[in-house]
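The values are calculated or read from the model by the stated rules, or taken from the named source; none is laboratory data. Note that the coordinates shown come from a computational prediction; the quantities given were computed from them, not determined experimentally. Here Cβ is always computed from backbone atoms with ideal geometry, including for glycine, and neighbour counts include all displayed protein chains.
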């Protein structure tokens with residue numbers, strides 16, 4: 001299991017549009033066989049900050065995900081909404097080892 005946290009800061013005037021676009025991307029992403037989870041969370045004390053919590057079943061799944069039409073459409077749609085470039089942190093799952101994902 002590969003866990004990726006994508007940190008995003010959105011321009012305040014684009015928060016709602018970003019949420020709609022990102023929810024659409026997440027809903028399509030969880031249909032991919034290599035994705036176990038795709039959560040979108042918004043920071044409580046700063047609504048312009050989001051984290052995309054992505055859980056992949058294997059190491060190749062992120063590359064396949066980035067090649068999908070829905071990901072590419074999302075990336076293009078939100079590019080001008082971002083206040084700064086996205087950043088990501090990759091984690092290896094330690095526990096629980098298997099949740100049936």
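List of remarks:
- Test: residue in the range 37-45 that is buried (at least 17 other Cβ atoms within 10 Å of the Cβ) and either in contact (Cβ under 8 Å) with a residue 40 or more places away in the chain or over 20 Å from residue 70 (Cβ atoms) (or both): no
- Scanning the range 77-99 for residues that are in a loop (DSSP other than H, G, I, E, B), surrounded by 13 or more Cβ atoms within 10 Å (Cβ to Cβ) and at pLDDT 95 or above gives a single hit, 86.
- Residue in the range 48-60 that is over 13 Å from the mean Cα position of the chain (by Cα), without any contact (Cβ under 8 Å) to a residue 24 or more places away in the chain and either exposed (fewer than 14 other Cβ atoms within 10 Å of the Cβ) or under 16 Å from residue 28 (Cα atoms) (or both) present: no
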